[in-house]
């Protein structure tokens, strides 16, 4: 029995059915936000948004648009549930992550409503596996109230140069300081570690900078431990949008292309470190 007909009669009982030919297109984007065990899933006619939070200070959102799926049927305006993200990823990669040319794992996800499990049916070369993952009562997620009208500074860059800088950050520093300014040094990342201060600056006319919109000079510090989880998304991305609002809150939005060249987005919000007035080391 093929995946398309498997459990066909049960689909009428489900409020969400999503099918994709290549499960890696879902698992790769979820791996980018897998820094805590549980996640909240929001499903709407637009697709899926999966949210992970830590310490009420950082939030990651993975957006898997409806167009990524070859079938996406939803019977409600919005469906919300919490799930163990680590278990979900283990199920999605149950056939392993072998990159054999032409071999992909197809996926069908079904959800029948509040209190019901999320059912995954995976098929690879005629072998079917189904997994049932318990869903949990969703927590209220933080509203960072990050509104585009309050954005003061925004820079879009090619990811490769940001990857390079992040790989060289002094992890003995508690904070990463981000300076964004209409004047020199324009965009600067600084750490204050055991070996002293380090600064990496980017001119606004650099080949790596695709868009530079800075209204005023802002210097904010963010706990480096909270930004470490963003490195997974950065590693997969081709572009990164860096924005700060009038409160100093940081938005990092990563553009990620999957194996079928479709674009997904992962966004992180991070609150500034309140101990900003401590002197530089």
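The values are calculated or read from the model by the stated rules, or taken from the named source; none is laboratory data. None of the values given here were measured: they were computed from a predicted structure. All Cβ positions, even for glycine, are placed from backbone atoms using ideal geometry, and neighbour counts span all protein chains on display.
Quick notes
Listed here are the residues, each with its yes/no results for (1) part of a helix (DSSP H, G or I); (2) closer than 20 Å to residue 117 by Cα; (3) more than 15 Å from the chain's Cα centre (by Cα).
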{"residue": "42", "(1), (2), (3)": "no, yes, no"}
{"residue": "52", "(1), (2), (3)": "no, yes, no"}
{"residue": "56", "(1), (2), (3)": "no, no, yes"}
{"residue": "62", "(1), (2), (3)": "no, no, no"}
{"residue": "73", "(1), (2), (3)": "no, yes, yes"}
{"residue": "88", "(1), (2), (3)": "yes, yes, yes"}
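- Across the stretch 46-57, the qualifying residues are those that are within 15 Å of residue 139 (Cα to Cα), in contact with a helix residue (DSSP H, G or I) (Cβ under 9 Å, 6 or more places away or on another chain) and at pLDDT below 95, and the one among them that is surrounded by the fewest Cβ atoms within 10 Å (Cβ to Cβ) is 55.
- Tally of residues being out of contact with any helix residue (DSSP H, G or I) (no Cβ under 9 Å at 6 or more places or on another chain) and in a loop (DSSP other than H, G, I, E, B) across the stretch 173-198: 8
- Number of positions in the stretch 246-259 that are under 15 Å from residue 31 (Cα atoms), assigned to a strand (DSSP E or B) and touching a helix residue (DSSP H, G or I) at 6+ places or on another chain (Cβ under 7 Å): 2
- Of the criteria (1) under 23 Å from residue 268 (Cβ atoms); (2) at pLDDT below 90, which one residue 31 fails: (2)
- Filtered residues of the stretch 128-158 (kept if closer than 30 Å to residue 107 by Cα, in contact (Cβ under 8 Å) with a residue 40 or more places away in the chain and not in a loop (DSSP other than H, G, I, E, B)): 128, 131, 133, 135, 136
- Those residues of the stretch 206-226 which are touching a strand residue (DSSP E or B) at 6+ places or on another chain (Cβ under 6 Å) and in a helix (DSSP H, G or I), in sequence order: 224, 226
Listed here are the residues, each with its yes/no results for (1) under 27 Å from residue 63 (Cβ atoms); (2) part of a loop (DSSP other than H, G, I, E, B); (3) under 12 Å from the mean Cα position of the chain (by Cα).
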residue: 200; (1), (2), (3): no, no, no
residue: 204; (1), (2), (3): no, yes, no
residue: 238; (1), (2), (3): yes, no, no
residue: 261; (1), (2), (3): yes, yes, no
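- Long-range neighbours under 6 Å by Cβ, at least six apart or interchain, first residue more than 15 Å from residue 225 (Cβ to Cβ) within the stretch 168-191, second modelled with pLDDT of 95 or more and not in a strand (DSSP E or B): 181/217
- Matching residues in the stretch 113-127 - criterion: being touching a residue at least 40 places away in the same chain (Cβ under 8 Å) and surrounded by fewer than 17 Cβ atoms within 10 Å (Cβ to Cβ): 113
- Of everything in the stretch 75-86 that is outside any loop (DSSP other than H, G, I, E, B) and in contact with a strand residue (DSSP E or B) (Cβ under 8 Å, 6 or more places away or on another chain), the residue that is farthest from residue 33 (Cα to Cα) is 79.
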